[in-house]
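One structure is given here, and the rest of the page talks about it.
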Amino acid sequence: MFTAASAVFRIVLDLVFPRACALCGSSLPLGLSYPLCEACHGRLPRLPASQGQRASQGQRAERCARCGKALISERALCLRCRTGDYSFDSAYPLFPYRGPAKELIIGYKLRNRRSLAVFLADELWAAAKERFPGSVIVPVPPRPGKLRSKGWDQVEAIARLMERRHGARVRRILARRGGAQEQKKLGFEARASNMRGRVRARARGGLDPREPYLLIDDVFTTGATLSACALALKEAGAARVDALALAAD
């Protein structure tokens with residue numbers, strides 16, 4: 001959990017090694033938990049809050065009730081969710097994968113800005129607590145070989161901070177089999193096929209169907225990876241599996 005001692009240590013560290021905002025490069029106040037200034041935080045684009053059925057009379061839902069992506073029609077489901085099938089019960093991405101939100105996530109994932117994990121963990125925890133209270137957090141597992149090639153697991157780093165800072169219940173019960181291609185190189189149908197049978201749950205005795213499970217991931221693109229993970233959890237006994245992602249592409 002986050003303590004006063006860790007806050008003091010952060011201030012001392014900032015005095016010795018001043019930090020700059022990861023997006024605009026401006027100087028940061030002492031003791032800030034993550035390298036993101038208030039102005040850049042405020043200009044991060046967020047997906048609309050309303051999801052599913054119309055929020056009130058005269059208003060329509062602005063997110064798909066299933067995948068959580070922005071809607072362009074007045075129906076509760078987007079076109080893909082009307083014709084496709086996901087194993088998760090719902091998904092909720094926080095940001096659209098564009099502009100400063102995309103730059104932030106790329107900085108974290110590809111430019112090794114690991115200190116951004118604190119901000120991302122806090123954002124995911126706030127959404128999890130509000131929309132999926134009491135859920136067991138399950139990080140999406142890395143593809144085989146990623147730890148060797150990248151040196152770290154970005155989603156696991158966020159899950160670890162959710163535990164330490166907020167006391168989240170995290171279970172690392174999913175694993176991926178090798179042999180699949182990288183998802184980012186494939187289209188929608190190929191991604192689903194590529195992930196089929198590639199994820200398994202390591203849960204002796206099965207999962208408690210009374211517990212709600214919440215998958216966390218960085219970027220929701222086609223939903224194939226999250227769907228494969230949700231299927232593995234349900235095959236192990238989970239009755240409900242939702243998903244929370246940083247961004248939707």
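Which FRET efficiency value, to the nearest 0.05, is calculated for GLU163 and LEU79 with the Förster distance at 45 angstrom and r the Cβ-Cβ distance?
On the way: r = 37 Å, r/R0 = 0.83.
Calculated value: 0.75.
Among the aspartates and glutamates, select those whose C-alpha is under 17 Å from the C-alpha of LYS234, and discard any that sit fewer than 8 residues away in the same chain.
Within the straight-line limit of under 17 Å, LYS234 reaches these aspartates and glutamates: ASP85, ASP89, ASP208, GLU211, ASP242.
Which FRET efficiency, nearest 0.05, do ARG177 and ALA70 yield, Cβ-Cβ r, R0 25 Å? Each step should come with its number before you reach the end.
Working: r = 33 Å, r/R0 = 1.32.
For ARG177 and ALA70, the calculated efficiency is 0.15.
Would you mind computing, in nm to one decimal, how far apart the modelled labels at ALA49 and LEU147 are, each placed 7 Å from Cα along Cα→Cβ?
Simple spin-label model gives 4.0 nm for this pair.
Show me the ranking of peptides 147-157, 32-42 by mean Cβ neighbours inside 10 Å, starting with the highest. Don't jump to the answer; show the numbers that get you there.
On the way: 147-157: 14.2, 32-42: 16.3.
The packing order, highest mean first, is 32-42, 147-157.
Take each of the peptides 204-213, 220-229, average the number of other beta-carbon atoms within 10 Å over its residues, and list them starting from the highest. Can you show the working numbers first?
Details: 204-213: 13.7, 220-229: 24.5.
Sorting 204-213, 220-229 by mean packing, highest first, produces 220-229, 204-213.
Report the calculated FRET efficiency for ARG98 and ARG204 (r = Cβ-Cβ distance, R0 = 35 Å), to the nearest 0.05. Walk me through the numbers before you get to the answer.
Details: r = 42 Å, r/R0 = 1.21.
Computed FRET efficiency for ARG98 and ARG204: 0.25.
5 Å is the cut-off here: which amide hydrogens, built 1.01 Å from N in the peptide plane, fall below it relative to PHE95, excluding neighbours closer than 5 in sequence?
Here the answer is LEU47, ALA247, ALA248, since their amide H atoms fall under 5 Å of that of PHE95.
Calculate what fraction, in whole %, of the accessible area of the stretch 93-155 sits on carbon and sulfur atoms when a 1.4 Å probe is rolled over the protein chains.
Working: 1380 of 2780 Å².
Answer for the stretch 93-155 is 50 percent, counting heavy atoms of protein chains only.
The values are calculated or read from the model by the stated rules, or taken from the named source; none is laboratory data. Predicted, not measured: the structure shown is a model, and the values here were computed from it. Because the Cβ atoms are built from the backbone with ideal geometry, glycine has one as well, and the counts that use them run over all protein chains shown. For the accessible areas, the whole protein counts, side chains as well, though only heavy atoms, and no ligand, DNA or RNA atoms are used. Shrake-Rupley method; radii C 1.70, N 1.55, O 1.52, S 1.80 Å.
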